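For reference, the structure discussed in these notes is given below.
Bear in mind these aren't lab numbers, they're just calculated from the coordinates by the rules spelled out. Please read these numbers as outputs of a predicted model, since none were measured by experiment. Virtual Cβ from ideal backbone geometry, glycine too; neighbours counted across all protein chains shown.
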Amino acid sequence: MASPSTFISAVNPPSAPSQPPVEKPSPPPVNILPSQLAQTYSYVHPTILLTLGATRFNALVEDPVSELLNDLPWLALLQLSYVILCLPPAGSLASDSSSNEKSQRSTSGITRPGKGPRRKHSGKNEWAGIWARLMPAFLSVALTFLIATPVIAVLLVLFAHMALLSSSGLTYVHGIDASLWKEVWGFARPADAVWGGAFGTVLGAWFGAIPIPLDWDRPWQAFPITILAGAYMGYVVGTLVSRTPLLYGKRIQFTPGQDEEEEKTN
Amino acid sequence: MAPKKAVGGNVPVLNPARNQPQSSKGQGKVQDFKSLQLEQEFKSKHLGVLGVLVWILFLHVAGIYFFTKGFLLTRMVLDNKSSCEVLPFESMTAIAGNKDKGCWHDKSFDKAVVIIIDALRYDFTVPFVPNDETEYAHHFHDNIPVLYETAVKSPANAFLLPFIADPPTTTLQRLKGLTTGTLPTFIDAGSNFAGTAIDEDNLVAQLHSAGKTLVQLGDDTWQSLFPGYFDENLTHPFDSFNVWDLHTVDNGVNEHLFPLLQSENRNKWDVIFGHYLGVDHAGHRYGPDHAAMAGKLQEMDRVIRDIIAALDDKTLLVVMGDHGMDTKGDHGGESDDEVQAALWMYSKRGIFGRTSKETLLPPKHARERPVPQIDLVPTLSLLLGMPIPFNNLGSPIEEAFAGPKGNDWANLATVNKLTAAQIKRYQHEYATARGAGDDAESFNLWSAAEEEWKSASKGFTSKSTAVRASYDLYRKYQRHTLDICRGLWARFDVVSMVQGVLLLLGGIMFIVVYARSMRADRTEFTGRLLLRAAIGSCFGATTGPVLGLSGLVDMTIIDCSVLLAAGASMVGGFSALVGKSAQLTLPLPSGVWGWLAFFFTVSQSVGFASNSYTIWEDEILLFFLTTFGVCAGISSMRQKLATDRILGVYHSVLFVILGRVASISRLCREEQMPFCRSTYYASSTSSISAPWQLAIPFVVMLFLPSVVRSFYVGSKSYEDNATLWIGFAFRLGLLITSVFWVLEGADDGGWLPLSKETLKTGRVFLAQVVLSLAFVAGTAAFVYAKPCVSISVSKPQDDPNAPPAPIIAGQEQKPRTTVTILGFGNVYGTRFFFLVINFALAIILMSKPMGQGAIALLLWQILSLLEILDTNALTLTNSAIGPVILGVLGSFYFFKTGHQATLSSIQWESAFIPLSTIQYPWSPLLVILNTFGAQILAALAVPLTVLWKRPLQTHDRVSTSPSTTKSPNPATKLLSDVIQAASTHILYLATINLATTMWAGHLRRHLMLYRIFCPRFMMGAIVLGVIDVILVLFAVTGIRFSTVSVGDVFGW
């Protein structure tokens, strides 16, 4: 307000130099647990999923809803065993000092399941350890069902399957850390087995819609079937591919060199 | 008046030299001069940019022309004429040339009345038989029973048969087929609006040259096909394209037909061609299942009964439809409903017969015993004692020559021998001219038929098996030749097609480089680019005639020079761009947005290779738009500023929802059945809106201006002209539009006790008011309006006595005066958006009520898209996604405004919204505005993808003294961004066009070519041309006015 005449802009352009909110570091990508069992099962699990999918395919085409409903517990069990065997539970990650505070703030009502192991007394109480491992897993399953509530029949089971595939890993590993989920909704997670699987599920489901309009007159060219098949395949490819060194830790870029461009416009 | 987001952050860029001169007058003058210079620079560069667009248009038109030339089928037209004296075969016994008894064959009738009931579908004429209990008779059933009744009651006097048209099922093409007996080729399909004379041998010409007096009544298409053949005193043609008018033509025909049938007038004429249009117009206007159709068919029933009563023994009566109509009452394509017309012949003498008991009754469905329409030509020729026209490929209709007892095999064999011989003669001539030989099978059929004929002529009994066998074989020969010809005339000029595809491909490559891989200011290249392109085209245009004359290439001179000019100018253009290779980057998409734009364009293009994806294009576009909305939501979640994040997510969700809502409006194409339900019209067998749909225009009137206003208010831009134009003029125009469509509905439903003429006149007036508001007042407002800003000056509180400074300019200003400019943040965008509003008003008027809702949603979705682009920082980074999504939006809403990529979905009647008669060039333009309104609106919004909320940058002349290095003019940067966005939009459309072109060419033998691929190719080509023109004439031209207007206020 020092200048004699001030022009007041009515609009705040995106590039206005207001201080960006302090970004706290996002959770780093996770690796499959180093144990032999975890490593092996992390490859066995996708194989089981695809094999089961292939064997149940005809039944799925016959009656999608009931078949999907029947498969749901098995899928939940499979995902549960996978996350418990192969992934580090929430809170066991290294960079938790800052995310800890944040999560306590944002999830005030809910007991954060990852607290147990961080208190470093897991050795004393065997049960606490098991509890710490099981709780996030159950929570993840419960949460995924919650996500899948709004719609009916076909949509419901489809969403339930997709939610189990995509977010059981995420919830198990990261809990319900708000900053993490903001990153998830922004598709800004670095590539790892967990995020790769979730992203692969979504992308696979998208591509699964493609064969529906074709005039091949196949019985499986119906709404939930191809999408679900795409989601399963996408999940498997996603978990496997995003673990490779080529992709591990990489993030999706919406605009290339965004920072550079912003500087230019400022 | 303190703005909510009062931020001084970006203010220092504003430096309005003109309005705020510095202390010394001399410097002010320099400033003025400088800004004038900058304005001139902008204007000249703007012209250059338009030049580039015009050149791109030329490349596209040339490419489409060459492809079309080779692709749209052509048939060689032979000049040979059949003559009465020369029989088609050498014969010892038969004597040709007896004009009194008949030329090649004894004539059966002296005179004929040929009545064409346009669009008389076969199922209109036969009794309705429900397939199951739920089916009920429609308005078009059982209302013209006379044909069936007579054919059943007295088979010797009348017969009724399904009469199958060769597509395209347009009247002009059908009349050609019905008189020449040849197959139509696609090349003429587009000339329905202006028919040209037939120079092939044909029935009308034969009758004329035999000295018969011909009378034509009704549809004036006949006049353009056969100028000068009809008796001038007795002939009364009527305008055929006023589809709103059901009665003028028919009443006119009746008025002049019946006096001629009176006995005292009978010797004044020999053949009358009466062409009724009421049924066709009822179909176009209301659809077949409407009371108006029932009334019209009943009227036709009475007319035919009256003609029968007035007929004498020597006269043949023929009643036929030239084509059918689809479930909505339109035609032009090749669906079953469109090709299945009816043919009925009647004579009082009773000479018709059936060769077997099964064929005694007229067929219940058009699938049984159909006859091709060209069969009428030899039948009518031989019945009237005329030679068969030289090019005829049809066969004599059995019923007409079988004799009352149905056993006159000798007559049947004779007429078929004559016809077959004429076909053979024609084939021979055509093969000689074309340089091709006969095929073995037709040769075998012909010689076998000749053998049987010879053995039969020894037997002398008309019932002998040899006669029947020869009849069958001649018949087979005729049909075999017909099949061969159908295949033969699907002969494409592949070389020309490849030339066209290469030109289009070259054009795309140029646009890719120009739009996506240049880092520098595009306007700097314009001069060099245009110069080299001009040199190239001059070089090509002059080399062309040389090559053409020297005979090195097999092309006409004009074609040759156009091809070379386009090719050479492309080389020149490329050399201008590549010359500065340092400024170029690889045009690879980058980032999710870039890849998404690339993916949408390419995957859609690839999809056009499949008929399924072409049929379901509307659904696929919705899928893409939803995908974009989801990605926009994801991207918005990443934004750092909370306002950007919230606004971005809000508009992303809104974008998806609006697309979903718009998808309610749909008009199914035949191939989508049974998985699709039309909602665009009152029912699937109608082409008028349901009464409840008339509420849509009022809803649009109430909400759309408020929606637009909310986007203006968001940036404090709802000031000055915006209040008048959006709040008042736009709303008024929409109100008048609503009233127009209510009157339209009242006319259709007969709700008001007013005469049709009054309603029509009132409607046309209202429509003209809206159009002049949109285009005349709107254009004036757009050219001269000030930007949507409000400038207020407030003195500090401690000095209340001082008078406020009137404007910021000029006066010596006291310290601490605060000048507030509202609407500053979106000054370019809101100013330019006026143009979009003007067109939106006109397009809404031109759309049916359901389409108006769709267009309103489109406008909303465009605004929402612009906000998404802004919150995700995509406006200033020249991302390809904005222009590409606008392209997808345009294509999507094309389907939501009641169109499909088929000829029959063109809403021809929209030409009569603001006019009562056909007027060139307005009528075609109005139909284009109706058909491609969505694409036009989207294209007009393309500059907004870089203008929306673009920060105002003016030339900084204070810090840099005039003598120092030339700093770039911000206006030319803006221009460069706009042309980049425009050419990206063209790139999307050109890629779609190239893909549909290539697929249509590649799949030219595909079963679905004419049904699916060819119409889609035509649509892609027309859209590309129309949008090129719209971008040149309006979108990019409009930039000049909006930028100058902003510059006048804020300086350059």
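Summary table
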read-out: Contour minus Cα-Cα distance for B:Ile484 and B:Leu361 (0.36 nm per residue); value: 41.1 nm
read-out: Residues in the stretch B:970-989 reached by a label modelled at B:Glu41 [backbone nitrogen below 14 Å; 7 Å Cα→Cβ]; value: B:970-976
read-out: Given B:Lys43/B:Lys848; B:Lys81/B:Lys101; A:Lys182/B:Lys973; B:Lys81/B:Lys107, the pairs whose alpha carbons are separated by over 28 Å; value: B:Lys43/B:Lys848; A:Lys182/B:Lys973
read-out: Crossing angle, helix B:409-434 versus chain B [Cα axis fit, 0-90 degrees, rounded to tens]; value: 40
read-out: Free-standing Cys residues across chain B, given no other cysteine C-beta under 4.7 angstrom; value: B:Cys485, B:Cys538, B:Cys560, B:Cys631, B:Cys788, B:Cys1014
read-out: Peptide B:628-639, shielding by other chains (average Cβ, 10 Å cutoff); value: 4
read-out: Virtual paramagnetic centre 7 Å along Cα→Cβ of B:Thr556, amide N under 17 Å, in the stretch B:65-79; value: B:65-78
read-out: Residues B:Trp692, B:Trp922, B:Trp860, sorted so that the one with the fewest Cβ neighbours within 10 Å comes first; value: B:Trp692, B:Trp922, B:Trp860
read-out: Shape category assigned to chain B from the gyration tensor of Cα positions, a/c cut at 1.5; value: prolate
read-out: Average other protein chain Cβ within 10 Å of Cβ, residues B:866-873; value: 2
read-out: Sum of -39500 (n - 2.57) over DSSP H runs of 4+, divided by residues of chain B (222 nm, nearest 500); value: -17000 deg cm²/dmol
read-out: Semi-axis lengths, Å, the stretch B:318-371, gyration tensor of Cα atoms, sqrt of 5 times eigenvalues; value: 26, 14, 7
read-out: Local electrostatic count, A:Gln221, Cβ distance below 15 Å [Lys/Arg +1, Asp/Glu -1]; value: -3
read-out: Nearest-ten-degree value, helix B:849-871 long axis tilted from longest Cα axis of chain B; value: 30
read-out: Degrees separating the helix B:1014-1030 axis from the principal Cα axis of chain B, which is the longest one; value: 40
read-out: Efficiency of FRET between B:Leu724 and B:Ala695 - r from beta-carbon atoms, R0 30 angstrom, step 0.05; value: 0.65
read-out: Residue-count net charge about B:Leu694 - beta-carbon cut-off 14 Å; Lys, Arg +1, Asp, Glu -1; value: -1
read-out: Per-residue Cβ neighbour rank within 10 angstrom, fewest leading, B:Phe833, B:Phe66; value: B:Phe66, B:Phe833
read-out: Inter-label distance, nm, simple model (7 Å from Cα along the C-beta direction), B:Arg528/B:Glu334; value: 5.1
read-out: Relative contact order [Cα under 8 Å, 6+ residues apart], chain B, whole percent; value: 15
read-out: In nm, spacing of pseudo-spin labels at A:Thr51 and B:Glu451 (7 Å Cα→C-beta vector); value: 7.0
read-out: Where a label projected 7 Å from the Cα of B:Ser916 along Cα→Cβ would reach, residues of the stretch B:244-261 with amide N under 13 Å; value: B:245
read-out: Distance (nanometres) between label positions extended 7 Å along Cα→Cβ at B:Arg302 and B:Glu757; value: 2.1
read-out: Cβ-based exposure ranking for A:Ile176, A:Ile212, in which fewest neighbours within 10 Å come first; value: A:Ile212, A:Ile176
read-out: Radius 13 Å from Cβ of B:Lys111, net charge of other residues (Lys, Arg +1; Asp, Glu -1); value: +3
read-out: Peptide B:609-621, shielding by other chains (average Cβ, 10 Å cutoff); value: 2
read-out: Extension gain from B:Ile646 to B:Val606, taking 0.36 nm per residue of separation minus the Cα-Cα distance; value: 10.8 nm
read-out: B:Leu586-B:Val776 FRET efficiency (beta carbon distance; Förster radius 60 Å; 0.05 resolution); value: 0.80
